[in-house]
Amino acid sequence: MIDASVSRRYARALFSLAEEEGQDERVGEELEAVAAALRSSPEARTMVENPGYTQAHRHALVDVLAKRMQLLPPMVSFLRLLVDRHRLAGIHGIVRAYGELLDEKIGRVRGTVTSAKPLGDDDLRRVREVFSAATRRAVVLESRTDPKIVGGLVAQVGPRVWDGSIKTQLERLRRELKYGAL
């Protein structure tokens with residue numbers, strides 16, 4: 001695993017190359033697909049993480065991925081660079097940093113919305129519209145459920161958190177009753 005600042009440097013390098021070629025979104029999709037393939041295959045994950053495997057083994061893995069996934073040449077070169085620099089295990093951090101760069105360029109922000117029960121498509125669309133208006137940016141929301149919040153919503157969009165859950169309101173009421181209004 002590599003730290004976040006190193007991940008950002010690799011992501012910036014790949015992003016600037018992809019941007020020059022006008023393929024920043026496609027490269028981002030490929031990067032996510034490669035990371036998902038490495039995560040989903042126990043054999044590939046072991047080959048990436050286990051120091052017992054040689055660089056030749058990892059280069060062979062990149063060759064297999066390139067052929068099966070029909071990766072763009074810049075992506076193949078980037079994966080080879082990660083292998084050569086012993087950074088392939090840090091691809092997930094690079095994916096995250098690349099996504100942040102792409103989001104910033106496009107003008108969108110990512111967030112999560114948590115509800116006690118699953119939200120329907122219509123409800124999720126309305127929540128997305130509210131947060132798009134509040135942030136003045138396009139919002140990509142991931143929906144989660146957590147029955148512990150009882151009702152309402154907890155949303156994190158970018159660095160901000162909006163907590164309108166019944167659980168939080170009940171806890172606030174309990175504190176006020178116990179200690180008096182603050």
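Surface exposure of the chain, expressed per residue as accessible area with a 1.4 Å probe, stands at 63 Å².
In the distance distribution for the chain, Cα-Cα pairs more than 28 Å apart total 43 percent. Per the Kirkwood formula applied to alpha carbons, segment 29-84 shows a radius of gyration over Rh ratio, Rg over Rh, of 0.93. Could you tell me which residue out of ILE166, ALA155, TYR179 lies farthest along the dipole of segment 71-182 toward its positive end? Charges go on the beta carbon: Lys and Arg +1, Asp and Glu -1, centred on the Cα centre. It is TYR179, whose Cα lies furthest towards the positive end. Per-residue HN-Hα couplings for segment 110-125, Karplus 6.51 cos²θ - 1.76 cosθ + 1.60 at θ = phi - 60°, whole Hz, x for Gly and Pro? Karplus values, whole Hz, x for Gly and Pro: 9, x, 10, 10, 10, 9, 5, 10, x, 8, x, 4, 5, 5, 5, 4. The distance from the alpha carbon centre of segment 7-76 to that of segment 144-182 is 41 Å, rounded to a whole number.
Keeping the other protein chains in place, figure out the carbon and sulfur percent of the accessible area of segment 2-158, with a 1.4 Å probe. That share works out to 51 percent.
For segment 145-160, 3J(HN,Hα) computed residue by residue from phi via the Karplus equation (6.51, -1.76, 1.60; θ = phi - 60°) reads 10, 8, x, 5, 7, 6, x, x, 9, 10, 10, 10, 10, x, x, 8 Hz, glycine and proline entered as x. Rounded to the nearest 20, the size of the Cβ-charge dipole of the chain about its Cα centre is 680 debye, with Lys and Arg at +1 and Asp and Glu at -1.
Considering only beta bridges that DSSP places wholly inside the chain, some 55 percent are antiparallel.
Phi-derived couplings, Karplus 6.51 cos²θ - 1.76 cosθ + 1.60 at θ = phi - 60°, listed residue by residue for segment 33-39: 5, 5, 4, 5, 5, 5, 6 Hz, with x used for Gly and Pro. Here is how the number arises for the chain: DSSP H runs of 4 or more residues each give -39500 (n - 2.57), the sum is divided by the residue count, and the result at 222 nm is -20500 deg cm²/dmol.
Database remark: amide H of SER165 closer than 5 angstrom to the amide H of LEU153 (H placed geometrically; neighbours at sequence offset of 5 or more, or on other chains; Pro and chain starts carry no H).
The values are calculated or read from the model by the stated rules, or taken from the named source; none is laboratory data. Since we're looking at a predicted model, the values are computed, not measured. Here Cβ is always computed from backbone atoms with ideal geometry, including for glycine, and neighbour counts include all displayed protein chains. These area figures cover heavy atoms from the full protein model, side chains too; ligands, DNA and RNA do not enter into them. Shrake-Rupley method; radii C 1.70, N 1.55, O 1.52, S 1.80 Å.
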